[in-house]
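One structure below.
The values are calculated or read from the model by the stated rules, or taken from the named source; none is laboratory data. A quick note: this is a predicted structure, and the numbers were derived from the prediction, not measured. Quick reminder, even Gly has a Cβ in these numbers, built from the backbone with ideal geometry, and neighbours come from all protein chains shown. We work out accessible area using only protein heavy atoms, side chains counted, and drop any ligands, DNA or RNA first. Shrake-Rupley method; radii C 1.70, N 1.55, O 1.52, S 1.80 Å.
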Amino acid sequence: MIWKLFAIVTCLCVSARTLLAVEYMSSQCGKVLPVSGGGVLVSQPEPRYPTRLDCQLTLSAESGKYVHVTVQALSIDCDGDSLSIYRGGSVALFELLGSPICGTSPPSQNTFTTEEGGYFSSTNKMTLHFVTGSSSTSGSGFKLSYAAYGRAPCSSSEFRCGNSRCISADLTCDLHDHCGDNSDETSCTSGHGSGTSLSTGTIVGISVGVLLAIIVLSAGVAYFMCLKRDDRTQGRKSPTVAYSTRKYRGPQV
């Protein structure tokens with residue numbers, strides 16, 4: 001039973017790594033969003049994106065790093081609505097990556113890209129510009145993933161992608177292509193990769209969590225067994241009855 005719990009806790013700890021922080025662009029307009037590792041950006045929390053929206057958001061990694069964006073899903077009407085992606089910290093025309101994008105793309109079918117594997121910044125900043133018209137829409141907006149990356153050589157806390165980019169080791173095996181060549185995901189099953197699939201911090205966290213769970217379970221099992229043993233002991237005991245062999249002679253006069 002303990003080993004079953006060990007397996008369950010381990011799976012839960014590893015699965016938790018697939019959950020990236022989610023931000024909504026409609027609530028981040030005009031802001032700079034720091035990118036320390038990676039995350040997911042969704043156009044808005046509502047089922048449909050609003051009309052008359054003119055929203056800019058800058059993704060900013062630390063100095064010396066770059067930003068990679070992959071469009072996961074897209075549903076933007078091409079009647080005056082579009083998402084533009086710029087390689088730097090401004091919306092200057094010369095910074096525009098490709099053309100403003102619109103249309104429909106189902107999840108996991110990235111057809112909106114200027115380079116293989118997504119959009120890549122030329123500095124540590126990347127700017128998104130989401131514009132919608134006045135007409136009502138049936139579009140659900142967009143969902144994209146973003147990540148900070150560097151160039152090889154990679155540090156011990158980073159995963160080296162097949163294309164020699166370096167991303168946080170915590171971003172591997174999370175169902176998102178942060179490398180641009182999907183090597184951070186294929187290495188999970190094939191074993192081919194230039195880095196580790198779990199960071200040291202993640203391994204330590206999993207180990208501590210499993211150990212604590214085993215200790216708690218063991219203490220609970222021991223307590224339960226003690227209670228059952230006490231119940232069985234009490235059940236075997238019979239009430240003590242004292243008998244006297246002296247004859248009753250009646251009241252003394």
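Report ³J(HN,Hα) in whole Hz for each residue of segment 128-138, in order, from the Karplus equation J = 6.51 cos²θ - 1.76 cosθ + 1.60 where θ = phi - 60°; Gly and Pro get x.
Whole-Hz 3J(HN,Hα) from phi for segment 128-138: 10, 10, 10, 10, 10, x, 8, 6, 5, 10, 10.
Using modelled amide H (1.01 Å from N, peptide plane; none on Pro or chain starts), what sits under 5 Å from the amide H of GLU23, excluding residues fewer than 5 places away?
VAL40, LEU41, VAL42
Quick check: net charge around ASP184, other residues with Cβ under 11 Å of its Cβ, Lys/Arg +1 and Asp/Glu -1?
Details: positive: ARG160, ARG165; negative: GLU158, ASP170, ASP174, ASP177, ASP181, GLU185.
Around ASP184, the surrounding residues sum to -4.
Ignoring ligands, DNA and RNA, please state the percent of accessible area on segment 52-97 from carbon and sulfur, probe 1.4 Å.
Details: 880 of 1950 Å².
Within segment 52-97, the accessible surface is 45 percent carbon and sulfur.
Once each part is reduced to its C-alpha centroid, what is the distance from segment 82-97 to segment 127-181 in angstrom?
That distance is 16 Å.
First compute the accessible area of segment 126-172 with a 1.4 Å probe, then give the percent of it belonging to carbon and sulfur atoms. The partial results should precede the final answer.
Numbers: 720 of 1680 Å².
Carbon and sulfur atoms account for 43 percent of the accessible area of segment 126-172.
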